[in-house]
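Colleague: Sharing a structure, written as structure tokens. Questions coming.
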Amino acid sequence: GSNGSAIANDTTDTYALWDPDSTGVVQSAKMTSGSPIHAADLQLASTATAAFAASDKVRVQVFFRDDSSQPASVFIQRSSDSKYWRDSDSTWQAAKTWNTLSGGSATAITRWISKSIDVGAGTPTLTVAVGVPTATGVAGQINHFYAVQCELGQFASSLILTTNAARTRSADRLLISNDAGMRTWIGSQGTFACTVLADWNTADISTSDHVIAL
């Protein structure tokens with residue numbers, strides 16, 4: 001950092017997504033911009049993911065809070081050609097490209113979800129970094145970061161809290177037996193209702209994807 005900019009764990013943050021660890025530290029990352037603005041991009045980068053297969057689709061999620069109502073940003077870089085993802089038009093760019101974490105709040109944790117990212121040819125890894133670019137940052141702004149998740153799949157799912165290791169999501173299955181003469185749902189066996197709230201936009205569904213509503 002420069003001009004007073006810093007990145008440090010905030011042990012006083014009360015907006016944690018999970019319980020404190022054994023030391024009682026909440027462990028959100030507090031990013032403070034320089035005043036005047038820092039001379040180089042202030043950023044906190046992940047280690048590389050495991051390698052993806054060619055043309056895999058992934059989603060990146062960032063959980064964050066904008067203390068001073070000034071937005072932070074995220075960049076996503078692939079190893080195959082060192083290009084950066086531009087979420088606005090779903091393209092890979094040669095120059096370092098930041099994506100603004102829109103919709104942030106000073107009082108509540110916000111989840112930003114990327115569009116569906118095609119990793120491209122080869123077997124690339126991805127590196128994700130959150131930060132405040134010098135070009136768009138405001139002197140003295142403060143941002144908090146809670147979790148970043150990069151996962152295989154067309155659609156974003158719920159958060160898996162882990163560090164330094166990939167995790168496989170276990171599928172949930174609701175199995176209800178109905179053996180009263182016929183295998184169908186009848187009135188004497190009760191009623192069932194559910195509401196499904198999707199985390200994705202219908203514009204993200206390709207012609208090869210199918211969603212069935214029953």
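Colleague: Using the Cα atoms of region 79-139 to build a convex hull, what is its mean projected area in square nanometres?
Modeller: On the way: hull surface 20.9 nm².
Averaging across all directions leaves 5.2 nm² for the Cα convex hull.
Colleague: Between Ala40 and Asp81, how high is the FRET efficiency from 1/(1 + (r/R0)^6) when r is the Cβ-Cβ distance and R₀ = 25 Å? Nearest 0.05.
Modeller: 0.60
Colleague: Still on this model: Can you tell me which of 48-56, 65-73, 117-125 comes out highest on packing, and rank the rest after it, using the mean Cβ neighbours within 10 Å?
Modeller: Details: 48-56: 14.3, 65-73: 19.2, 117-125: 16.8.
Top of the packing list down: 65-73, 117-125, 48-56.
Colleague: Now for a separate question. How much length, in nm to one decimal, is gained on full extension between Thr47 and Thr162, taken as 0.36 nm per residue of separation minus their Cα-Cα distance?
Modeller: Values: separation 115, 0.36 × 115 = 41.40 nm, distance 1.30 nm.
Going from the current span to full extension adds 40.1 nm.
Colleague: Next up: Just how far, in whole angstrom, is region 136-152 from region 77-133 if you go by their alpha carbon centroids?
Modeller: 12
Colleague: Under a crude label model (7 Å from the Cα following the beta-carbon direction), how far is Thr125 from Arg173 in nanometres?
Modeller: It works out to 3.4 nm between the two label points.
Colleague: Could you tell me what a quarter of the Cα convex hull surface of region 1-131 works out to, in nm² with one decimal place?
Modeller: On the way: hull surface 35.9 nm².
One quarter of the hull surface, i.e. the mean projection, equals 9.0 nm².
Colleague: Right, here's the next one. At 1.4 Å probe size, put Leu42, Leu161 in order of accessible surface, largest to smallest. Please list the in-between numbers first.
Modeller: Numbers: Leu42 10, Leu161 90 Å².
Order by accessible area, largest first: Leu161, Leu42.
The values are calculated or read from the model by the stated rules, or taken from the named source; none is laboratory data. Since this is a predicted model, take the numbers as computed values, not measurements. Don't worry about glycine lacking a Cβ; one is built from the backbone with ideal geometry, like all the others, and counts go over all protein chains shown. Ligands, DNA and RNA are excluded from the accessible area calculation, which covers all protein heavy atoms including side chains. Shrake-Rupley method; radii C 1.70, N 1.55, O 1.52, S 1.80 Å.
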